[in-house]
1. When you look at A:Asp386, is it over 14 Å from A:Asn471 (Cα atoms), out of contact with any Cys (no Cβ under 9 Å at 6 or more places or on another chain), assigned to a helix (DSSP H, G or I) and modelled with pLDDT under 95, yes or no?
2. Any chance segment A:426-448 includes a residue that's within 12 Å of chain B (Cβ to nearest Cβ), within 26 Å of the chain's Cα centre (by Cα) and either within 29 Å of A:Asn294 (Cα to Cα) or not charged (D, E, K, R) (or both)?
3. Can you tell me which of A:Ser459, A:Ser438, A:Ser486 is surrounded by fewer than 20 Cβ atoms within 10 Å (Cβ to Cβ) and in contact (Cβ under 8 Å) with a residue 40 or more places away in the chain?
4. Would you confirm whether or not segment A:553-562 contains a residue that is within 12 Å of chain B (Cβ to nearest Cβ) and either in a helix (DSSP H, G or I) or among the aliphatic types (A, V, I, L, M) (or both)?
5. How many residues are without any contact (Cβ under 8 Å) to a residue 24 or more places away in the chain and within 12 Å of ligand 1 (Cβ to nearest atom) when one looks only at segment B:1-44?
6. Could you tell me which of the residues B:Lys47, B:Lys121, B:Lys112 is away from ligand 1 (no atom under 14 Å from the Cβ) and farther than 21 Å from A:Ala473 by Cα?
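The values are calculated or read from the model by the stated rules, or taken from the named source; none is laboratory data. From a predicted model like this one, the values you see are computed outputs, not experimental measurements. Positions of Cβ are backbone-derived with ideal geometry, glycine not excepted, and every protein chain shown enters the neighbour counts.
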Amino acid sequence: MTLTSDIDFSSSENVNKILYIIKFEEENLNHNLNDLLAKQCKIEAYMAGINKGIARMNRIINDTKKLDCQIAHTANLVTSVSAKVRRLDLARSRASDSQQRVHDLIDLQLCGQGVTTAIVEEDYEVAAGHINRFLAMDLQLLKRTADDVQGSESSITESVRILESGAIEMREITVRRFEEAVKKDDLASVERFFKIFPLLGHHMEGIEKFSKYICTKLAAKNQKELRNAMDIAKADKRVHLAYADAMTSLLENSARVIEVNQPIVEAYYGHGYLLDMLTILQRQCDVDVKNLINEFVKNRQIDRRKKLVNEIFSRNSNSCSATSNLGHYRMNSGGAIEKLSPKDIDATIVEITIMHSRVELYFRFMKRRVAMDIEECSDDCNTINDKLQNLNNLLQNSDLRRHAQELLGTYLLFERYFMEESVLKAIGLDVHDSGQLSSSMVDDVFFILRKSIRRSLTSMSVNGTCAVINNAAACLDHDFVNALKSHLQQGYPSGYIDLAQAYSAIQNSLQQGKIHSSDNEKARVNFLVYLNNADISTEYIDTLWRTMEQEIAGAYPSMTMVEKQLIESCLSELKSVRDTLKACVDFGMQQLKSSAINPRLHPWVDQYLTHKHQLTEEELAAYEAGETFVQFLIVQIDGFLNTFKPCLTLRNYDALISIVASELTTRLEKAIKKCVFNRLGGLVLDQEVRALGAYLASATSWSVRDKMTRLTQIATILNLEKVSEINEYWNPQHSSELTSWRLSQNEVRTILTLRIDFRMEDIKRIRLQ
Amino acid sequence: MEEYKFLFKIVLVGNAGVGKTCLVRRFTQGLFPPGQGATIGVDFMIKTVEVEGDKIKLQIWDTAGQERFRSITQSYYRSAHALILVYDISCQPTFDCLPDWLREIHEYANTKVLKILVGNKTDRDDREIPTQIGEEFAKQHDMYFLETSAKEAENVERLFYEIAAELIDQARSKDNSSSMNKNLSDSVGLSPQGSKPPQVSCCSGLSNQSSSQTGNT
Ligand SMILES: Nc1nc2c(ncn2[C@@H]2O[C@H](COP(=O)(O)OP(=O)(O)OP(=O)(O)O)[C@@H](O)[C@H]2O)c(=O)[nH]1
Ligand SMILES: [Mg+2]
């Protein structure tokens, strides 16, 4: 329309144009119309589909409703069926109850009839079986059944009466026959009636009677064995172990009772009764062990020897507190009081450790066996724990335990005596073989200590081992260290003699069987030997505690936490004796320094003062042509060190060189400060210090640079061209090349003044930051 | 491992039943143990305390009072830094035995060991030993004195802390006086044992006047 409204119809040309447009539009419309008509068909087809779908949905809804109904119905059915099943179950269980009661009733009748005949026929196992069956019945229920079932009342009560009286009769018979069997010592019958007690419900009575019977047999056996112990031992050539063997046998007898009877008890009595058996058995064991120990104490004179050892100890402790300050070591016991040789006591110590270890093994065996039986029984947790606690108390509070603790005490006393006496003996009999660095006592003493600690392991007591380790540490710290000290405190005799000569003199005298070397020579060698002894001991003590640590871990594989800490702490105490030994070495070195090193070294170094240090070129040439100071010094020191080298351990020799180097440098420094130098003098000094440093470095395996630093720095200062050059050396930028200055600023200035050609004003002017 | 500045060994001795184990448990675990048995041999406990900011490790050895353990317990005297001698204030015989215990201590312990006399069980109302008697005995024998109750936790902490403080003082003064030249005659003395003992090489010990490196740890 818009097309036409504002269009001019005045010209035909325009009208034609419009007509053309209208025609074009009409064609368009027709085309659209046709398109729409074509779609109608498709839409109608869709509509038809939808209608069909609706019809089908309706049918599904109906089906679902029907299904719902059916399910509800089924559920109802199931509920009713299950109720019936439950009722059926109940009925069945009642039926089985009734059946049981019927069985009981029948059995009751049978048992009632059977028991009397069986008793009469002495078929006690059958009779007891009937009674056992009867005891398992619920009597209350049976009586009620009897009331329900008319007529049978009388027969049931009759059977019950018969069985009740049968039970009483059976018990009487069993007790009587058991005791008869015991009297006749008829083991088969004893065991027969022992097995009947539990059938009658008299478990405890059976266990008690049987255990007591076994105890009497055990007592007789143990008594006889103890009486014959000495003879048996003599026959086996084991007299020294007679009581250890007797103890072993006694404890094995007890253990065997449990071992043999455990299956019978468990089969006829059930689990949990072994503890009751052990309780009775342990009482007997305690009595027998007491007899054995009494014999042992009497025969081995334990009390007398203990008294003797204690007397010796207290005498020693009184005498040594008075003398140890003077540096004497105490001597082997002997003389005045009755002697008790360590060897003599050695055998008894072995015997006691074996006895103690047997007790440990016995306790372990009993504990394991009985605890297993307790854990098997059907009681609740608390009862089981109570029983385990009772087992523990039974063993811990037994006389056997107490006796074992007393044995351990005796062992420790004797072991300590053995160890201390043997160590004193080894010290007293110390010999030095020529050519050896150390003397015999070091090897001997450490051998004894190791033997004692090792032996303590065989006692199987961690507490005992700890005590022996403590005693070993005390013994080293005291007697051994005192022996070292007393020799070192005598000092190294001074006087001019070569050690090599002393050695060969002693060797000669040994070869010729007479001593003609001077006392001084002997004393010198002796001093060095003890210095070496001390040094070697520090090594031995490390080996000792390390090997013992390993062996202890092997001997006690299942230590508790506390036991591990105990051992560790005792070992570390032993380890710390090393510090005391090290102090001995240091002390000896100081002695050596004051009596051997300084008196010889000082004059050699002081030779420096006799030389001229303001040299002309000609004088320098002449000096260098002859033996220079440093050549002389090195020859002397080298000779000196070489005399010591073959007589000292490596560590001691190194320590000696260290002392020599320190003493040498400080002494030389002092000498230098007393001299006056010119340029050439300083140059010579610098060369000589270098030569000395090179020599010392070649003499040892460790660095001597540190000890030479001050001297090197002094020589550097005295070798300066001009005073101002000092700044090049002092300059912090160079500090990385040069080790830091060991000299203070004042010292540097003082040293600079030793150069005659340096002017005081220049020295004052230098600035050192 | 934990760090500590000093390690001290404290050993408790005294008659059976005077309450040694109870004192140790009270101090280390803060409890009064009901009905534990007599001690067998020795028992061992560790407690680390702090005194003036320093960690101190105390190794406490609780020995058995019963006679038959004497050879075990004696062996622990030597390395003790402090010995606590305990009696029961309600039991005269435990007090009467003190001289015997002192004899043992004299025989086996280091002469410089710190000795403390403790009268335990002050909570009991059947006292037999007046405080003054105990005090006098302690003074006569050059011991410190304290009355405690393991049951009521009275003076138990104080006992161990005062021992620690005293031992620290001893160790410090000893350290200062003899750090340079270890005199042989008293080298057995009470020396502090840190977790890292100062390392001394075999030679430097002799020349430490000049070397500045081997300082204290
Ligand atoms: N009233 C009271 N009783 C205490 C006290 N300390 C300990 N007891 C009791 O004394 C008894 C013995 O205590 P323990 O600590 O086992 O004695 P012990 O000195 O260790 O004994 P041994 O190990 O045999 O040397 C126990 O019954 C404790 O309950 C206390 O402070 N007050
Ligand atoms: Mg105790």
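1. Numbers: over 14 Å from A:Asn471 (Cα atoms): yes; out of contact with any Cys (no Cβ under 9 Å at 6 or more places or on another chain): yes; assigned to a helix (DSSP H, G or I): yes; modelled with pLDDT under 95: yes.
Against the criterion (over 14 Å from A:Asn471 (Cα atoms), out of contact with any Cys (no Cβ under 9 Å at 6 or more places or on another chain), assigned to a helix (DSSP H, G or I) and modelled with pLDDT under 95), A:Asp386 qualifies.
2. no
3. On the way: A:Ser459 fails: surrounded by fewer than 20 Cβ atoms within 10 Å (Cβ to Cβ); A:Ser438 fails: surrounded by fewer than 20 Cβ atoms within 10 Å (Cβ to Cβ).
Of the residues listed, the single one that is surrounded by fewer than 20 Cβ atoms within 10 Å (Cβ to Cβ) and in contact (Cβ under 8 Å) with a residue 40 or more places away in the chain is A:Ser486.
4. yes
5. Counting residues in segment B:1-44 that are without any contact (Cβ under 8 Å) to a residue 24 or more places away in the chain and within 12 Å of ligand 1 (Cβ to nearest atom) gives 7.
6. Working: B:Lys121 fails: away from ligand 1 (no atom under 14 Å from the Cβ); B:Lys112 fails: farther than 21 Å from A:Ala473 by Cα.
Result: B:Lys47 is the single residue among B:Lys47, B:Lys121, B:Lys112 that is away from ligand 1 (no atom under 14 Å from the Cβ) and farther than 21 Å from A:Ala473 by Cα.
Every residue, every condition in (1) within 14 Å of another protein chain (Cβ to nearest Cβ); (2) charged (D, E, K, R); (3) under 20 Å from A:Thr458 (Cα atoms), yes or no:
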| residue | (1), (2), (3) |
| --- | --- |
| A:Val350 | no, no, yes |
| A:Ser357 | no, no, yes |
| A:Arg364 | no, yes, yes |
| A:Lys367 | no, yes, no |
| A:Asp380 | no, yes, no |
| A:Asp386 | no, yes, no |
| A:Leu400 | yes, no, yes |
| A:Gln405 | yes, no, yes |
| A:Leu412 | yes, no, yes |
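Every residue, every condition in (1) farther than 22 Å from A:Leu400 by Cα; (2) surrounded by 15 or more Cβ atoms within 10 Å (Cβ to Cβ), yes or no:
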residue	(1), (2)
A:His203	yes, yes
A:Glu208	no, yes
A:Lys217	no, yes
A:Glu225	no, yes
A:Asp236	yes, no
A:Ala246	no, yes
A:Ile258	no, yes
